[in-house]
Every structure is written in structure tokens, then in C-alpha cells.
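A.B. asks: One structure follows; several queries about it will come next.
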């Protein structure tokens, strides 16, 4: 693929927005079904719900290798607007598979994923949904090494209505918000692991998503960098009201969330537990 830049902004074209592997997908995010009748919806429109349902997974199953591997076994999960949820569990517990389902990166064998009451299975091509509604942060950053930090942040904007003229200024503002105002022209090989992840976070916010999904966002970082990244995600959640769901095996990372869900053997073992923290 070829990236074309004109006057510091990403031009129109076909770009590999995010690389995708079985364990670390590309774009993102999440689901919801509030299950209201038309009458109740009309009533709800007259009331202001403090935490309206944003997304939901209902009775989701997923298997691989002709059913020999049961990744998800009837998982239910509701995500309310403004939630900060950590999904914990050991490797192979199904937590990353669930995140992929929520982001429309994989489809369940049975059950359904909803976003604001609409089933993802009924949306057809999910590329617009992933590009406009979801932001995703990966363990391995998935930055394009030949592009500057600013250019990497601009990549998702190609799939949006953001004009070419607006892209570079928006990328500069986002990088400033994640503490990288002086690194806009640096390329990934010139950045530390923590800085790369902050560029990835800025990129995930490029199209103002409604929900942010993070798959082991501190997995490749030292403790100091991990703390910085989690403080940043916590601030984005707190100050912007961003709905955030992250997957982690690290208790210190999970402790930043206001709700924790533990998974084992493809099932939710411990439903949501409140872990209020002041940070």
C-alpha cells in the first residue's frame, strides 16, 4: 500500500489502517441492545437516563478448529455509557475473543452483539461502524513505521468525514493531549514503548469514537510506562466521559477500572465487581 501526504496531511486513498492477526485485530468496538418497546423508548426520550445502555453481548458463543476449542460459552455482558470495565483472566480464558466480538472483528457462532439496540449482524459491512464508533488500542501498538506520529494519527481520519485540511491540526491537538506535542514529526522507531502507545491512544481517538477498546494496553511496557499509559486512559475516561473496556491479565492495570469482570474457560466467572478508586 502507498501512503500519500500533501501539505502534512494524509491524502485520500486506500490504506492498511490497522494490521490484523488472530490474537491482535485491527479496528474496533462495541455493542448494545437495550430491549425497549416503542412506547418505552418514547417515554425514555422524555427522561434523561444517567447511564443508558451502550452495548450488550447476549449468550455469545464462539468455537474454533471445528468446535474443538470453545473460546466463548454463552457470555453475557452489558456496557453502560460512561463505564470503565476491565476484563481479566489468564491466557486462553476468552477475554480477547470477547473484545473482538464487541468490536465487530469476529462474529459469534450463536448469540448476538448489539450497539445502541442494533444487532451488529444486521449492519452488513461493519467497516464504517468500526471506523466511526469504536477506537482500539493494541498491545503491539500497530503503528506504521515509515509515518510520523502525526501521520499515524491521521490514518483513521481517511475513513471519516474529516476534511484533509482538518486532519493535521486535529492530530497535533490529540498528540498534545497525550503529552507528545514535541514528538509530532517523530517516527515510531524513534519513540519509546510508552510514547508509541500514547501515539496509538491518540490515533484511537481520531474519529471521536463512542467506545474505546484496549487489548492488553500495558502488556509490552515497563511498569513506569504502564502507569503513565493507564493514568492517561483513566484521565480520558474521567474528563471526557469515554466508555472504556480493556482486557488485561495484570491486576495493577485492572485496578484502574471501576468494574472488573473475570473470565475463565470462555465464561464469566465473577460478574461485575465494583472497584471504586480515586486517581
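Just so you know, all these numbers are worked out from the coordinates, no wet-lab data involved. Quick caveat, the model's predicted, so the values are computed rather than measured. Cβ coordinates were reconstructed from backbone atoms using ideal geometry, including for glycine residues, and neighbour counts include every protein chain displayed.
A.B. asks: Looking at the stretch 134-156, which of the residues that are under 12 Å from residue 205 (Cβ atoms) and out of contact with any strand residue (DSSP E or B) (no Cβ under 7 Å at 6 or more places or on another chain) is surrounded by the most Cβ atoms within 10 Å (Cβ to Cβ)?
C.D. replies: The residue in question is 153.
A.B. asks: Looking only at the stretch 211-233, decide whether some residue is on the phi < 0 side of the Ramachandran plot, in contact (Cβ under 8 Å) with a residue 60 or more places away in the chain and surrounded by fewer than 21 Cβ atoms within 10 Å (Cβ to Cβ).
C.D. replies: Checking the stretch 211-233: at least one residue is on the phi < 0 side of the Ramachandran plot, in contact (Cβ under 8 Å) with a residue 60 or more places away in the chain and surrounded by fewer than 21 Cβ atoms within 10 Å (Cβ to Cβ).
A.B. asks: Hey, among 173, 167, 183, 196, which residue is free of Cβ contacts under 8 Å to residues at least 12 places away in the same chain and over 29 Å from residue 52 (Cα atoms)?
C.D. replies: Values: 167 fails: free of Cβ contacts under 8 Å to residues at least 12 places away in the same chain; 183 fails: free of Cβ contacts under 8 Å to residues at least 12 places away in the same chain; 196 fails: free of Cβ contacts under 8 Å to residues at least 12 places away in the same chain.
After applying the criteria, what remains is 173.
A.B. asks: Please specify each residue of the stretch 240-255 satisfying the condition of being touching a residue at least 12 places away in the same chain (Cβ under 8 Å) and either out of contact with any strand residue (DSSP E or B) (no Cβ under 7 Å at 6 or more places or on another chain) or surrounded by 24 or more Cβ atoms within 10 Å (Cβ to Cβ) (or both). Spell out how you get there, then give the answer.
C.D. replies: First, pick out the residues of the stretch 240-255 that are touching a residue at least 12 places away in the same chain (Cβ under 8 Å): 241-255.
Result: 241, 244, 245, 246, 247, 248, 250, 251, 252, 253, 255.
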